[in-house]
Amino acid sequence: LAAHASGYLDIDDPLEGPLLLDINLNQATIGNEDNQLEVKALGGRGSLRSDLLLFDEINGSVLDGHVNADFELRLADQPVPQGTRRPRTTEEETPEDTSPKPAASGQAGPSTPVPVLGRRSLSYVAGLQLQNVSLQAMTSKRPSGRQLIGLLDLDVESLGVLTRLPQSLRGDGQLQIRKGRLTSVALVNGLSSAMRVVTRQPRNNDRMNMMFDLTPTGLEITRFNLVTSMMAVRGGGVVGFDDSLNLILNGGPLERLQESLGQLGRAFGQLTDRLVRYHVTGTTQSPSVHIRPFGLFTGDPMAEAKADRDAQRAERRRKKEEARQAAESSKGSTAPAPASETTGKDAPASPPATGDPSS
């Protein structure tokens, strides 16, 4: 790893710049016991100017393929949403006002250091494109029966606020796999068993295409197509960041024939889609495939995911409102009581009323 920076750095405002940045990573391996990322060369040039960190071109060679990326991070002060600030601890509470007072004329007041990141919410925009990435190189550390073969292409765009992830996460993307052998994928095995498809000797011609949206809870798959040597599957649903699955799919050997017939096959598929559907739940490592004749008992995974997010958002708002009301109630209970009106013995004696004002 090599990094180089040049430019201007203001101690009082270090994020103003301008700074030019050059970062390179060569001959690196990152991974765990199942997957590894081999980086032959990866580098990018960026700049820090006027509270904006920008890398408009990051490229290199990863897993025998090519990678291109861009990244933008805004560092300007932005208001922090209510309820997201860290609460003060008991030790931090100070009964008196310790804020710096303005200095008298002719006197220099003490300087108050301001945290570099202060109240910055750190909004970002990022893009990533992968081309011809080798799945075999990625899974080479796995046992031979669990390795994947194929070439992966990925194009994804993401935006959000770093201090409010994953709630602020948004984006979309497309993933493709070509010249693949996907029989070791748990989802493919589960579908083959449910469809009673006999798996033949793989020929490394499997392919998959998926379009998705990024949400705070996971990937909402708007289009999914999987074609192997014995079957074809299409559909959509939700894959959570916790590896949970909620997919509605149509597929089988007949779908493989429809895929080869092109437009005619797709028209015929609209009819067969209503006959048998497969509802996939569970996790990516242990999926459960349920057969739903005529599409019975299959909801809309997208609508269910949206309802869950709306419920979580409403719960967060409720907790914030309760915290706000509790803070106002606590503030009101500690406020000094207003001066009571003089009544009874404390009231001054009134002069006796007489009929003659002159008396």
Handout entry: Relative packing of peptides 180-189, 40-49 - highest average C-beta neighbours within 10 Å first
Key = 180-189, 40-49
Exercise for the section: Please tell me the relative contact order of region 19-68 in percent, rounded to the nearest whole number, where contacts are Cα pairs under 8 Å and at least six residues apart. Expected result: 32
Handout entry: Accessible-area ranking of HIS4, HIS279, HIS290, largest first, probe 1.4 Å
Key = HIS4, HIS290, HIS279
Exercise for the section: Would you kindly find the accessible area of PHE71, with a 1.4 Å probe and non-protein molecules such as ligands, DNA and RNA excluded, rounding to the nearest 10 Å²? Expected result: 60
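Using a 1.4 angstrom probe with every protein chain in place, what is the largest-first accessible-area order of GLU328, GLU33, GLU321?
Working: GLU328 105, GLU33 140, GLU321 70 Å².
So, going from the largest accessible area down, we get GLU33, GLU328, GLU321.
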Practice task
Can you tell me the dipole magnitude for region 199-240 around its Cα centre, using point charges on the Cβ only (Lys, Arg +1; Asp, Glu -1), in Debye to the nearest 20?
Solution key: 280
Practice task
Could you calculate the contour length gain from ALA311 to SER329, that is, 0.36 nm times the residue separation minus the distance between their Cα atoms, to one decimal place in nm?
Solution key: 3.8 nm
Exercise for the section: Please give the net charge around ARG178, taking every other residue with its beta carbon less than 10 angstrom from that of ARG178, where Lys and Arg add +1 and Asp and Glu add -1. Expected result: 0
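Provide the FRET efficiency to the nearest 0.05 for the GLU16-ARG196 pair, computing r from the beta carbons and using R0 = 56 Å. Could the numbers behind the result be given before it?
Values: r = 66 Å, r/R0 = 1.18.
Working from the Cβ atoms, E equals 0.25.
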Exercise for the section: Rounded to the nearest 0.05, what FRET efficiency do SER6 and LEU159 give with R0 = 30 Å and r taken as the Cβ-Cβ distance? Could you check? Expected result: 0.55
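Grab the Cα-Cα distance for ASP51 and GLN167, subtract it from 0.36 nm times how many residues apart they are, and report the gain in nm with one decimal.
Values: separation 116, 0.36 × 116 = 41.76 nm, distance 2.37 nm.
Full-extension gain reported as 39.4 nm.
The values are calculated or read from the model by the stated rules, or taken from the named source; none is laboratory data. Quantities reported herein were computed from a predicted structural model and do not represent experimental measurements. In this analysis, Cβ positions are derived from the backbone assuming ideal geometry, glycine residues included, and neighbour counts consider all displayed protein chains. All accessible areas refer to the heavy atoms of the entire protein, side chains included, with ligands and DNA or RNA removed. Shrake-Rupley method; radii C 1.70, N 1.55, O 1.52, S 1.80 Å.
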